[in-house]
Amino acid sequence: MSAAPAKLAALRHLLAERFPAATRLPGRTLLTGIASLDETTGGLPLGAVTEIACIAPSCGSHLLLGELLSATRRTRTRVALVDASDSFDPGSFPPDLLAHLVWVRCPSVTDPSRKTTATTLALQVADLLARDANLGLVLLDLRRAPEADLRRITGPQWYRFQRAVEPADLAFVVLTPRPSVPSAQLRLTLELPHPVAALEAERPELSASLTPTLQRQRLATGLTG
């Protein structure tokens, strides 16, 4: 076993020892602060994977991220953001909204001979964080991941995330440019781009107009949507 996989395995073992599995209550959710979403789904399911497909440009994904940061800040819930394209702009948010955030930046890879892409690195980091019981929300941002990288992510890799988050009892959210995550218990889409006039609107007004579309929701009794 090479050094990198060995270290990864050692970290997983350490996390498992420090944070053993506990009994998880079904149906628990993390409120997002987005009224239309919380009323429709009850929030983001804990111990499960949620996919938010940001299909259109300027569709409000940055606003949604801000609402999640605000909601988790109010409840003092720790958040990790795995930024696969190093595109997160902390300067666009008040410093207080970032006090509970762990931001993991994945550098872009310019050397085509390197086997580990930024997307691969982001998946490895997210796999570790998904097992951390200190976190209440893990965001894996793949919105700007190359299409070739997205196609290389296999179904078993996505289901691995589902198995990882079940005992951790956190909300695991993947932001994608198109529906891509077969293991997602909840799938939402942002499909409508904001008009140019939205540039003149205040952020609270735009955030209040966010209306993610429910595409799929797996419940204890089956599948809806």
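Could you tell me whether any residue of segment 130-147 is closer than 28 Å to Leu192 by Cβ, touching a Leu at 6+ places or on another chain (Cβ under 8 Å) and assigned to a helix (DSSP H, G or I)? There is no residue in segment 130-147 that is closer than 28 Å to Leu192 by Cβ, touching a Leu at 6+ places or on another chain (Cβ under 8 Å) and assigned to a helix (DSSP H, G or I).
Is it true that some residue in segment 197-206 is at pLDDT below 95, farther than 25 Å from Leu129 by Cβ and outside any helix (DSSP H, G or I)? Yes - at least one qualifying residue is present in segment 197-206. Filtering Thr211, Thr189 for residues that are in a loop (DSSP other than H, G, I, E, B), within 14 Å of Leu64 (Cβ to Cβ) and either of a type in the set (Ser, Thr, Tyr) or at pLDDT 95 or above (or both) leaves a single hit, Thr211.
Those helices (runs of 4 or more DSSP H) of segment 1-120 in which 2 or more residues are modelled with pLDDT of 80 or more occupy 35-41, 61-74.
Being among the basic types (Lys, Arg), surrounded by fewer than 21 Cβ atoms within 10 Å (Cβ to Cβ) and in contact with a strand residue (DSSP E or B) (Cβ under 6 Å, 6 or more places away or on another chain): is that true of Arg151 here?
On the way: among the basic types (Lys, Arg): yes; surrounded by fewer than 21 Cβ atoms within 10 Å (Cβ to Cβ): yes; in contact with a strand residue (DSSP E or B) (Cβ under 6 Å, 6 or more places away or on another chain): no.
Criteria not met by Arg151.
Listed here are the residues, each with its yes/no results for (1) of a type in the set (A, V, I, L, M); (2) free of Cβ contacts under 8 Å to residues at least 40 places away in the same chain.
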| position | (1), (2) |
| --- | --- |
| Leu139 | yes, no |
| Arg143 | no, no |
| Glu147 | no, yes |
| Arg151 | no, yes |
| Arg160 | no, yes |
| Thr176 | no, no |
| Pro179 | no, no |
| Ser183 | no, no |
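The values are calculated or read from the model by the stated rules, or taken from the named source; none is laboratory data. The structure presented is a predicted model; accordingly, all values stated were derived computationally and were not measured. Every residue, glycine as well, gets a Cβ built from its backbone with ideal geometry; the counts of neighbours run over all protein chains shown.
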